[in-house]
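Read through the structure below, which is laid out as structure tokens, and then see the notes.
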Amino acid sequence: FRRVLFRSISFDDLECPFCSRMHQTLFPATLERYKGMVRFIYMDNPLEAIHPWAMQAAVNANCLGAQSSPEYWTYVDYVHSHGQEINGEDRTQAKSFDALNRIAHQQATLDKLDSTALDACLARQDESQVRNSMKIAESLKIEGAPALSVEGERISGAVPQDQVWLVIDRALRAAGVEPPAA
């Protein structure tokens, strides 16, 4: 077991196709490569001007996360890998919201979460937690998603995993630790 040497902050938008690609490929490979040496802190940063259902997706994820951290990640994984299902053929916002709620309810049912509490949370659509995350992104002058920060070094946009690993390796070396062999 290796202790976590540093944290990397990931600012994500659940409707963003570049975020989706990074979420599905970079994170699993990076966590496997660094085996506990790096912890990713996930922050919501929905780009509302161009992604009309990203805020609701983030709120719904947080509603599930309030009851169970694993269900939060299952929802985020699903949304990132099924964007077309949420967009639908006619791409109406109302249908996208319905799809997001349906997915959240299915997840809650499968994992036997408190459906009454989830229904109340989904109906409230309290954006305060997401907005707080967005304020942090703004304070760091992060203007888009995806965006990573590794020990203060910013990586903006969807970049190849090797470039991210170079930054992580550099941070590990600065901490006096030799990164895993390629």
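The values are calculated or read from the model by the stated rules, or taken from the named source; none is laboratory data. Computed from a prediction, not measured in an experiment: that's the story for all the values here. Methodologically, a virtual Cβ is constructed for each residue, glycine included, from the backbone with ideal geometry; neighbour enumeration extends over all protein chains shown. Ligands, DNA and RNA are stripped out before the accessible areas are found, and what is left, the full protein with its side chains, is counted by its heavy atoms. Shrake-Rupley method; radii C 1.70, N 1.55, O 1.52, S 1.80 Å.
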- Query: So which aspartates and glutamates pass the test for LYS95, namely a Cα distance under 16 Å, with those fewer than 8 places away in the same chain ruled out?
  - Reply: GLU15, GLU85
- Sparse-neighbourhood loop hits (GluC sites (Glu not before Pro), the range 28-98; DSSP loop; Cβ within 10 Å at most 16 others) -> GLU48, GLU89
- Query: Okay, helix-only estimate at 222 nm for the chain: each DSSP H run of n ≥ 4 adds -39500 (n - 2.57), divide by all residues, round to 500 deg cm²/dmol; what do you get?
  - Reply: -17500 deg cm²/dmol
- Please state, rounded to one decimal and in Å, the Kirkwood hydrodynamic radius that the range 70-182 gives when every pair of distinct Cα atoms enters the mean of 1/r. 17.4
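Determine the per residue accessible area of the range 35-155 with all protein chains present and a 1.4 angstrom probe, expressed in square angstrom.
Working: 6390 Å² over 121 residues.
Heavy-atom accessible area per residue stands at 53 Å².
Find, among the trypsin sites (Lys or Arg not before Pro) in the range 77-182, those assigned to loop by DSSP (not H, G, I, E, B) with at most 10 other beta-carbon atoms within 10 angstrom.
LYS112, LYS141
Only bridges with both residues in the chain count here: give the DSSP antiparallel percent, nearest 5. Write out the running numbers ahead of the final one.
Details: 8 of 15 bridges.
About 55 percent, rounded to the nearest 5.
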- Task: Whole Å is fine, so just give me how far the alpha carbon centre of the range 120-182 lies from that of the range 61-95.
- Result: 20
- If you roll a 1.4 Å probe over the range 58-99 with all protein chains in place, what percent of the accessible area is carbon or sulfur? 51
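Once you have a ≥ b ≥ c as the square roots of the Cα gyration tensor eigenvalues for the range 1-121, tell me rounded if a/c is under 1.5, and otherwise prolate or oblate according to whether a/b is larger than b/c.
Taking the square roots of the gyration eigenvalues as a ≥ b ≥ c, the range 1-121 is oblate.
Based on the alpha-carbon gyration tensor of the range 34-73 and its eigenvalue square roots a ≥ b ≥ c, which shape applies: rounded if a/c is under 1.5, prolate if not and a/b is larger than b/c, or oblate? Don't skip to the end; give the middle numbers.
Values: a/c = 3.88, a/b = 1.50, b/c = 2.59.
In terms of gyration-tensor shape, oblate.
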- Message: Net charge within 15 Å of ARG91 by Cβ-Cβ distance, Lys/Arg positive one each and Asp/Glu negative one each, not counting ARG91 itself?
- Response: -4
